[in-house]
Structure formats: C-alpha cells, structure tokens
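Here is the structure we will look at, set down as structure tokens.
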Amino acid sequence: MFILETKPKEELEKLLKPGVCVIKCIGCREISLPEEKIEELLKNLELDAKDVLAVDYLCNADFTKSRLLKYKSEIDKCNSILVFSCGVGLQVLAGMLEEKSAVQGLNTIYISGRGLAPSDYDCDQCGECLLNLTGGICPVTQCSKGLLNGPCGGAKNGKCEISKDLDCAWEKIYKKLEASGRLDSYFRKMKVRDYSKALAKPKQPV
Amino acid sequence: MVEIKKTGLKPKEEIIELLEGKNKIFVIACNKCYKEYTDETNEELDQFLKLMQENGKNVVGTARIDFLCNGQTAGKKISEFKNMDEAETICVVSCGIGAQTTMATLDGKPVYTVSDSLSIADNATTPQAYHGICIFGQKCAACGQCYLNFTGGICPIVECSKSLINGPCGGAKNGKCEISKEHDCAWEKIYERLSKQNRVQDFIFLQVNVNDFSKPTVEQTNALIKAVRDKRDENFYGGLHPYSNKDSTTDLPITAFPEPETVAILLSQHTGRICEPLVKAGEKVKYGQKIGEAGAPVSAPVHSSVSGEVIAVEPLLHPALKKEVPAIIIKSDGKNTPHESIVPNDPEKLPAEKLLEIIREKGIVGLGGAMFPTHIKLKPPKPVDILMINGCECEPYLTADERVIIERTEKVFSGIHIIAKILQVKKVYFAVEDHSQKAIAKIRDYIMQNPMEEDLSLVELKTKYPQGAERMLIKKITGREVPRGGLPFEVGVVVSNVGTCAAVSDAVREGMPLVKRVITVAGENIGKPGNYEVKIGTSVKDIIAYCSGSLSGFDFISYVLKMGGPMMGVQQQTLDVPVIKGTSGIVVFKKADIEQDIARQCIQCGRCVDVCPMELSPLHFIFCAKQEKWENTAAYNVKDCIECGCCDYICPSKLPIVEIVKKAKQKIK
Ligand code: SF4
Ligand code: SF4
Ligand code: SF4
Ligand code: SF4
Ligand code: SF4
Ligand code: SF4
C-alpha cells in the first residue's frame, strides 16, 4: 500500500535530544518497513535497537492511546520520541503527545489505494471518473502530468519524457481505443477538471 | 472509526447517456473497503439497478465481489460468473482501482464504470488521502520528504490547502482557512503545537527545504514497488513473514530431556478412534510395550515410553483437543527395560504390506502436528507418483525439524527410502526453506555421498509462512492444485514431515515404537532453551521446571504458553498436560507482548483477504458469527481454512478470526 524509507542521519541528529525513546510501528511491516536500514540508522545514532518499542497500527488512535498508557514510564522519562511509521502514524501519536516532540524517522514516499501489495493501478479519487473515455487507463494517475486532454507531445518511443521507466499513458490510451474501435471517444470534447469535486465531502447514505 | 464512502454513482444523466442503445447489461459491484462491516447491502448497486429498471434496460446478471481491486482473487471470481457471455455490456460499481482492474481483466468486453471515486477527505488538498488502516482524519500524501519533524506532527502538505511549507499564507481569519470556514488553518495549528513544545524559535530560524517534486523518482518508486510485490507474491498467494525468532535454538544440538518420573500416555494421539487401554493400574509395563490398541482402521496404538508400573488409567486434559481423554499414568522405574517386541528388521527384505503393518503397529503418526496415522496415509486409495518431504519449518521459534535433518540425516533418508518403497514412487522432492542453510548443506552432502535408488531433488524455497502447509508446497513444487476440501493423494502426491521419516526408520529398522520425539522449547523466561528429545507423556510442568530453572517464575497471569509454534500452536491453560506425538514445541510469551487487545469492528480493510493462503475471505466469518448465522460460513468455504493464523496476525481490528473459524467448523459439522 505504501513505501517507506529512512531519513538521513544528519537530519535526525539535530532534532533528537539525549534520552530518546524509539517507537517502531510494525502494523504495515508486511508491506514496507525498511527494518535493516532502521537498525543501521539506530546504530549510527548510537541508540540501542534492543530498547525499541514495537507497536502496531499507530494510525488507529484507540490503539495508540492504549500503547501510550502501556509505555507511560518510558515515554515520561524520555526527552524525544523517535518514531518509525508512515506519516499518518506519527500524526496520530503527535496529536496525543502535544507537549513532547515526536521525531519522524521515515519518509513516506509512495501511497497506492489498496491492500497489502501495491497495485498496478492507482486512483486519485478525482470525483469524475474518466475511465469510460480512456479505455480503462486512468489519465489522472498514469500520466505524469495528469493531463486529461491528450498527450503533452513530449513522449519518445512510447515513453514519458520524465523517465524511460514510465510508459506514456496517452499513447497507451490511444492504442487501447484504436484496438477496440473507440477512437471517437479520444476525439471528444473535453471538460476541464473540476477540482472541487476531488475535495467533496463523502455523500451521506440515502 | 468514521463510516466512509469511497464510491458514488455517476450522475443519472451521464449514466443514461453512456448506456444509450446498450442492453444486456451485467453489473459487477465491489463490496467496498474501509467501512464498518455492518450489513450486506450495497446502496450504489441497488440505486443503479433501480435506474436500469426505470429506463427499461435488461440486466442479465449481477455479481458482488469483495475487493475488486485485488486482481488475483477478483480476477478468478470474475471469470467464474455465468451469464457473463450473454452480456453485451459490463458495468462496474466500485472505486477507480476496482474499475481499472476489471477493465484489464475483461479485456475483450466493453466495460464501463458507472461510479466516481470520492475523496473521503473533506479538507485535504490532495486526493490521495485515504491512507492508513484506520481512518481517523489524519492523512499523508507521500511527499517523500516528511516535514512532520518541523511542524510538530501536523502535515502541512495535506492540511494546508495550499500545501505551504514555510508558514501561513496570511489569508486565515479567526483560525479558519480562506478557502472555507469549515477548514482550520493548518499553520495556525502548527504554531500552537510548536508553542506548547517551546519550539517556535527553532522553526522561525529554520531553513526549510523546498518541496522537491522529483522525489521520489519514478525509477525509485517502481523498483521499490516491484520489490514489495515480488516478496508478497513469492511461492504462493498470501502468507506472511513473521519474525523468525529461531536464533536462540537453531545451533543447539538435540539433547535428551532428563528421564521423567511419571508419564501420562493419552489414548488419543492421532486423528481417528480413541485407543482401548491394554493395561490396568498396578500392572508392570516395559519400555516400548503397546499399552493402547487401535480399535479402528483410522487410529494408531500407543506405547509406554518408560518401564515401570501403571498407577492409574484416568481422564486427563488433552493439550490439542482441549477436553478430557483417558490416559495411562505410568511411574517409571528409571531402567527403561525394553519390551520383547522391539526387534530390528531389514526393510530391504520385507514386502510393502509388512512394512505398513510395522508402521501401524509401532504407532507412527504424522509428527508435523496433524497426527494423521501414517499407515493410512501411505496406503492412498489411488496410486501416487510423487513423495514430498516437508522440511519447511515455517513456524517461528521452532527448530526441531532442522536439527533432525542436520543430526539424523541418515535416519531421515532411510525413512524416505522405506516410504518411497511402500508407495512405489520414484520421484521424491525434499523441500526446505532458505533460512535453514545448514540443513540444506547437510542434505546436499548426503545425497552426493549416498546415491539413492529414488530420484530425489532438493528444493530450496524462499521463507514465507505458511510454506509448510501441504497445499502450498504441492502447488509451488509440482504446479498441481489440491481441490478444495481434497487431500494431496488426489493429485498424486503424499507429503511427509522429516520427523515422521525418522520415526518410520526407527520403527522398521530398530523396531522402536513412537515413544519419544524432538521438540523445541523456547521463548520468554526460558533459561535453558533447546531442542530436546522428550519421552511422549512427559508433563509440560516438568519441561518448564527444567528449562526455566524453577516453576516459580511461571504463571498464567503474565505468560502465555503454546504447544506447537506461535502461529498455529494451541494455547494452554494449565501445565498439567503431557507431551503428545504431535507436539513440535513449547513456546512461552509475555502476555503483554502478544495480547490481542480488544476486538473491534471489521473495517473491511481487506488485509485478511490479502494474506489468506487459501484465498478465502475471512472477514465474512466474523460477520456470520456476529449474526449467529453459522451455517452461512459454509458458503464462504470455512472448511477449507487451514487455521494458519495469517488473518489473525494481520487484522488491524484484532479480530479473533481463527477462533471463530474453529467454532464455525464445529457448528456446521
Ligand atoms: S501508522 Fe502507518 S505504518 Fe503504522 S500501521 Fe498505520 S498505516 Fe501502517
Ligand atoms: S479517472 Fe479519476 S476516478 Fe477514475 S481512476 Fe482516475 S483518478 Fe480515479
Ligand atoms: S479499493 Fe478495492 S475494495 Fe476498495 S472500493 Fe476500490 S475496488 Fe473496492
Ligand atoms: S509531510 Fe505530510 S505528506 Fe509528507 S510524508 Fe509527512 S505526513 Fe506525508
Ligand atoms: S483484516 Fe480484520 S478488519 Fe480487515 S477486513 Fe479482515 S477482518 Fe476486517
Ligand atoms: S486461518 Fe484460515 S482464513 Fe485465516 S488466513 Fe489462514 S486459511 Fe485463511
């Protein structure tokens, strides 16, 4: 579902005051938690990996509350808390420890919408799904510029100009529509994207 | 937990226009994720069907699928639907990921989505806001350079409507963002949080890195995604990588556990009919003497593991069945005087029928844990062509099988040879996980030096739990799929555990019945962890007393004791239970460490579906149980559950799924 990476040691050194309590969220370990890198980082920071408090699902406020009680003495004693979790986990924890500084040891670098393993597909919840017009290929997430009205013109040999690793989404869309005889939807009139829809409140059940 | 909705139907007009002139519609709807599992309705689907009816459209079929986004499980289900061929148009009700997956799966058909993905965030500037397992409001946009350290744990990328990273824009009024009165100014919140921590000065003088939008690069992300996916997809669908915790015992050689003073031989140590006792209180018995006779074909006799005197035949709590079963209690005289029936045989000179008879008579059962009588397994109703030796000790902590391979290689191979002879198979696979490199090296050397009659291949498998489950092994190695509810012989395979092979060799070559086995004792407060050869019937109390130095350190208030491994082992309520033939280990945990916490509502996160190696949808068991509709669990194939515990392990709502499965299996028996 997401990918995490350790922050550089230099960035953390400045923030940690002596007396560090380390919390590691293992809730998403099955997906991504750079455990070896974390160990290495702790060693470089001269922290003892043995004292790490492993908790799961920091993102669940109820759990975090109970874990904070469980480890109250360790947390009261320490001067900084070093947290290894995704961005959500630390925000939940920091919200409960208003007066202590919680230091994030990881960068969250990728989030995809589903399950344990990252999916081949992604969705940005644009609120006006275009898949019917684009042969099932999402232009919002697969085109690196999120263009809705056709290719930017920068693709070379079917690859996006930002990276040879990335197929041009619009070339794929064209080919797919051509193959399924639906090119008319390619040459359609285009609506501009209504960004306020992406921010819409969830519709209440009727 | 907030009830969230990820999908809404497209506007009516858009749907009508889209389906203009199209008929024979088949609808695929996702049961949807991240909401409390409280009922089985699907509003969007109902709304859509109503709309179709109002407009005189012919709907030829509907299908509701759990987690349409899971290409592996959903793909299979989609292809199973009837009426699909009849359909001319397929409509999907799900979020965009589910729609894309369906469109890619049904490449040859026109598939349309009739829904829009909604942002569940009412105040996020980024649409990527449905992250995290539990939705409590906090979000992360995966900027790749987390700023939380400077902002007191409030994300400026998500919470500030302009994603500013260097302080407020100046447009806020009364603490509210200028885009909406509903939206708090993120920077005002950040300021307040930092003031509480006396960190405002730090922030003011901080030089903030500008948001580097090239981070992470496509190459980097793709490589990481590939690594994560490859690891998840290794060997079989689902499964987990729990911490192995094998270090404390992996290098400890097998040692004989001190002779017990008394043993309790349970009369049921196998799948099948309970044995009839052959001895009475007061009788003298010898080491290896048969003391319980199998009264049915599917059963196995039991033998005395000591010489001495029977002091009672009385009911005793069974560690696996969790109910009282008659047991023969024997006081040892410490001499281990062997019984006359222990006579060696030469397997080369005996026909298969005779070998099977010995295996039955010596009470051999599967030592992997299931305790299925070996003589039945080795006489499959139809011929098999492959024998698979299971050396995958995928349970954390346990190292007994590994030590048996390393130290008793010859015995194991002799057992393999005997079993292959009985089954008349020529092809043998020996499967070991790659964490046991020492065992692998040992097998390799042995095969090199001792050419075998059979064609034996050593298969080294990537470590993943539950690799040792028969189904997973067979699928991975032979590509054959054991039918749901079926047994391995149906696809021509017999699987045998390494310990069982060694026991078969002992029974045949030495005439030794199954009266002792190797178990791993490890975990918290175990001062002398190890791989011990223990007499069957030894009390767990003796073992804990010996391995932790004394009994005073152990209590059921602070500790949890499991017989077997941590994943599939059975939690015990008392130390007064004996070791049985299927005991692979005794593991002790601190209760605080493994406490399941309180079970919560299922949030339909789909993780249990992602890890279930049997490709079941465990969340439905919970729902059926809650409604007390146990009979419904059958439709979700509860009988196929191998109780591996993966779903329990991963469930972020801490739901006791395996417990429910066990109950369901009993209720629908
Ligand atoms: S806090 Fe983040 S890393 Fe931890 S379980 Fe929740 S989503 Fe996963
Ligand atoms: S077009 Fe919009 S709703 Fe459809 S998949 Fe892409 S981001 Fe999601
Ligand atoms: S993310 Fe998957 S499970 Fe959730 S609504 Fe979309 S398709 Fe369904
Ligand atoms: S700053 Fe916000 S978006 Fe960036 S990683 Fe941290 S929590 Fe996620
Ligand atoms: S893992 Fe738990 S919360 Fe998630 S769907 Fe399964 S049962 Fe529900
Ligand atoms: S215990 Fe059963 S339902 Fe749960 S993951 Fe294992 S096989 Fe699937």
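The values are calculated or read from the model by the stated rules, or taken from the named source; none is laboratory data. Just so it is clear, the model here is predicted, and its values are computed rather than measured. Because the Cβ atoms are built from the backbone with ideal geometry, glycine has one as well, and the counts that use them run over all protein chains shown. Just the protein is used for accessible areas: all its heavy atoms, side chains included, with ligands, DNA and RNA removed. Shrake-Rupley method; radii C 1.70, N 1.55, O 1.52, S 1.80 Å.
Quick notes on this structure:
- Charge sum, other residues only, whose C-beta stays under 12 Å from residue B:410's C-beta, Lys/Arg counted +1 and Asp/Glu -1: +1
- Loop-located trypsin sites (Lys or Arg not before Pro) in segment A:67-169 whose Cβ has at most 13 other Cβ within 10 Å (DSSP): A:164
- Remark on residue A:57: its backbone amide H falls under 5 Å from those of A:26, A:27, A:28, a criterion applied only to residues 5 or more positions apart or on other chains, H modelled at 1.01 Å from N.
- Restricting the trypsin sites (Lys or Arg not before Pro) of segment A:12-62 to loop positions (DSSP other than H, G, I, E, B) with no more than 11 neighbouring Cβ atoms within 10 Å leaves A:14.
- For chain B, carbon and sulfur atoms together expose 52% of the accessible surface, with a 1.4 angstrom probe and every protein chain in place.
- Solvent-accessible area per residue, Å², over segment A:2-197 with all protein chains present [probe radius 1.4 Å]: 46
- Segment A:118-176-segment B:334-410 distance, computed between alpha-carbon centres (Å): 59
- In segment B:7-117, the ratio of gyration radius to Kirkwood radius, Rg to Rh, stands at 0.93 when only Cα atoms are counted.
- Remark: segment B:186-308 carries a charge dipole of roughly 220 debye about the Cα centre, counting +1 on each Lys and Arg Cβ and -1 on each Asp and Glu Cβ.
- Backbone amide hydrogens, once placed in the peptide plane, bring residue B:389 within less than 5 Å of B:429, B:430, B:431, B:496, excluding anything fewer than 5 places away on its chain.
- In sequence order, segment B:168-181 has phi-based couplings of x, 7, x, x, 6, 10, 6, x, 10, 5, 5, 7, 6, 5 Hz under the Karplus curve 6.51 cos²θ - 1.76 cosθ + 1.60, θ = phi - 60°, and Gly or Pro positions carry x.
- Heavy-atom accessible surface of segment A:98-193: percent carbon and sulfur, 1.4 Å: 52
- Helix B:437-449 axis versus longest C-alpha principal axis of chain B: approximately 50°, rounded to the nearest ten.
- Nonlocal amide H pairs with residue B:240, under 5 Å, H built at 1.01 Å: B:465
- Taking a Cβ cut-off of under 12 Å around residue A:172, the surrounding Lys, Arg, Asp and Glu residues balance to a net charge of 0, with basic ones at +1 and acidic ones at -1.
- Heavy atoms of the protein chains alone define the surface here; on that basis segment B:362-510 has 37 Å² accessible area per residue at 1.4 Å probe size.
- Summing charges over neighbours of residue B:592, with a neighbour being any other residue whose Cβ is under 12 Å away from its Cβ, gives 0 when K and R count +1 and D and E count -1.
- For residue A:96, the accessible area of its heavy atoms, probed at 1.4 Å with every protein chain present, is near 60 square angstrom.
- Residue of A:81, A:23, A:109 that the Gaussian network model of chain A assigns the largest fluctuation, springs spanning Cα pairs under 10 Å: A:109
- Sparsely packed loop sites in segment B:515-621 (the trypsin sites (Lys or Arg not before Pro) outside DSSP H, G, I, E and B with at most 12 other Cβ atoms within 10 Å) do not occur.
- Prolate/oblate/rounded label for segment B:261-369 (Cα gyration tensor, a/c 1.5): oblate
- Accessible surface buried at the A:B interface totals approximately 7700 Å², computed with a 1.4 Å probe on protein heavy atoms.
- Per residue, segment B:624-666 exposes an accessible area of 47 Å² to a 1.4 Å probe, with every protein chain left in place.
- Shielding of B:225-232 by partner chains, average beta-carbon count, 10 Å: 5
- Ranking A:47, A:53 by solvent-accessible area of protein heavy atoms (1.4 Å probe, all protein chains present), from largest to smallest, gives A:47, A:53.
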